[in-house]
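Report on the structure given below.
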Amino acid sequence: MTAWRGLDGSRDRTALRAWLSRIKTGKWRNVLRRGRAHRPPAVERQEFPVPELLGPADTPWLEPYPDGLLGDPTDATRVPGARYEARESISLAFVAALQHLPPRQRAALVLCDVLGFGAEEAAEILDSGADVVDSALSGAREGITAQLPPGWHDRSPLPYSAREREVAGRFAAAFERGDSDAIVALLTDDAWLAMPPLPFGYRGRAAAEFLSSAPCRGGTRRFRLIATRANGQPAFGCYLSDPAAPICHAHGLIVLTLDGDRVAGITRFLDNSVLPRFGLPRTLPDEPQGPGQAPGYDPGHG
C-alpha cells in the first residue's frame, strides 16, 4: 500500500526497483521495531540488530534440494575439466553467490567451471564468441571468489564424515534444548544467517547478536529437529511442539554450511511446503526425550 500511494507514474524501471527495495527494507525494520516494543520485558535480552540485504532484492531466492535426487555429491570425476567439484557447485553458499553475478557471467561460470565445457563449446551454447565467454568467465571468477569465504571448501567436512556428524549433532542438541549461547559458540567469526524467502539476514557479529537475542523456545514449547540432507549439506526438518496437544508442527527447514568443526552459515527456510520433498511430514508426535537421550545427526546415506 505504501508503494501504491507513492507511485507517481514518472519513475523509470531502474529507479522504481530501487525505490521499492527501500520501502521493503523500511517495512522489515519497522516489523523488528514493533516486535521489540511488544515483547514482554522478561523475554527481552537485548535489541535485535538491523538485518542487511544478503542477495539481490529483485532475484528469486534459492530453494533447498534433497540429496537423494542429486546422486553422490562427493563424485567429481564425471567432469575432469571442471573447476568446482560437484559437492561445492550444489552447495547453498555457491548457489547463493551465483545470484550476485550478471546473467552472462553466471552462465559462463556454470558451463565452464562447473560443467567443464571449453570456451568455444560454451560460446556455441550461448551463441556468442569465445573471447566474450573468456571475459565473462574472468569476471565471474572474481565475483564468486569475493562472495565465498577464502579456503572454505578445503576446510568443510566431507559429506557423511564423522566430523560432519559431530558438528551437526552438537548444533541439533543446542537447538533442541534452547541453548542460544551454545549455538553462537559453534559459529565462525564471519558466519551468516539467512531466512529465505526474505532477502534479509545477518553476518558475523550481527548473526551472533541475533541468535543470542532471539529466544530459542517459546515458554513451554520445544523444538524438535529431524535429520536430513540438502544440497550436499547437513539439514534438519524443524518442528515446534503444540501447547494444546501432544504433537509438533512443521516449522521450516534448517540447512547448515560447515567450516571445519564450526558452523559458517545457517539457512532457515521458512516455507513448510519444502518439507514433502525431503519425505518430512507436516506434524510429528511430541515425544519428550528421556534421561541420557540427546539429539544427534544421522540422516542415513543417499
- [ ] Considering only region 209-236, state which residues are small (Gly, Ala, Ser) and either modelled with pLDDT under 80 or not in a helix (DSSP H, G or I) (or both).
- [x] SER213, ALA214, GLY218, GLY219, ALA227, ALA230, GLY232, ALA235
Open item on the list: Could you go through region 66-75 and let me know if any residue there is assigned to a loop (DSSP other than H, G, I, E, B), crowded, with 16+ Cβ neighbours inside 10 Å and either more than 23 Å from the chain's Cα centre (by Cα) or modelled with pLDDT of 80 or more (or both).
Closed with: no
- [ ] Would you point out which residue out of ARG141, ARG203, ARG177, ARG155 is surrounded by 15 or more Cβ atoms within 10 Å (Cβ to Cβ), modelled with pLDDT under 85 and not aliphatic (A, V, I, L, M)?
- [x] ARG155
- [ ] Could you tell me which residue of region 276-302 is surrounded by the most Cβ atoms within 10 Å (Cβ to Cβ), considering only residues that are modelled with pLDDT of 90 or more, over 22 Å from GLU164 (Cβ atoms) and in contact with a Pro (Cβ under 9 Å, 6 or more places away or on another chain)?
- [x] ARG282
Task: Given (1) in contact (Cβ under 8 Å) with a residue 60 or more places away in the chain; (2) on the phi < 0 side of the Ramachandran plot; (3) crowded, with 20+ Cβ neighbours inside 10 Å, number of the condition GLY232 does not satisfy - done: (2)
- [ ] Name every residue in region 174-208 that is of a type outside the set (A, V, I, L, M), out of contact with any helix residue (DSSP H, G or I) (no Cβ under 9 Å at 6 or more places or on another chain) and assigned to a helix (DSSP H, G or I), in order of residue number.
- [x] GLU176, GLY204, ARG205
TODO: From ARG170, ARG163, grab the single residue that is in a helix (DSSP H, G or I), crowded, with 16+ Cβ neighbours inside 10 Å and basic (Lys, Arg).
DONE: ARG170
Open item on the list: Any residue that is buried (at least 19 other Cβ atoms within 10 Å of the Cβ) and among the acidic types (Asp, Glu) - is there at least one of those in region 110-117?
Closed with: yes
Task: Which listed residue is in the same structural domain as LEU258 (by TED's automatic domain parsing) and either touching a Lys or Arg at 6+ places or on another chain (Cβ under 8 Å) or closer than 28 Å to PRO199 by Cβ (or both), from GLY139, GLY178 - done: GLY178
Task: Selection within region 92-121 - within 24 Å of LEU62 (Cα to Cα) and either in contact (Cβ under 8 Å) with a residue 40 or more places away in the chain or touching a Cys at 6+ places or on another chain (Cβ under 9 Å) (or both) - done: LEU92, ALA93, PHE94, VAL95, ALA96, ALA97, LEU98, GLN99, HIS100, LEU101
Open item on the list: If a residue counts only when it is in contact with a helix residue (DSSP H, G or I) (Cβ under 7 Å, 6 or more places away or on another chain) and farther than 30 Å from GLY68 by Cα, which helices (runs of 4 or more DSSP H) contained entirely in region 87-136 have at least 3 such residues?
Closed with: 119-125
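The values are calculated or read from the model by the stated rules, or taken from the named source; none is laboratory data. This is a predicted model, so every value here is computed, not measured. Don't worry about glycine lacking a Cβ; one is built from the backbone with ideal geometry, like all the others, and counts go over all protein chains shown.
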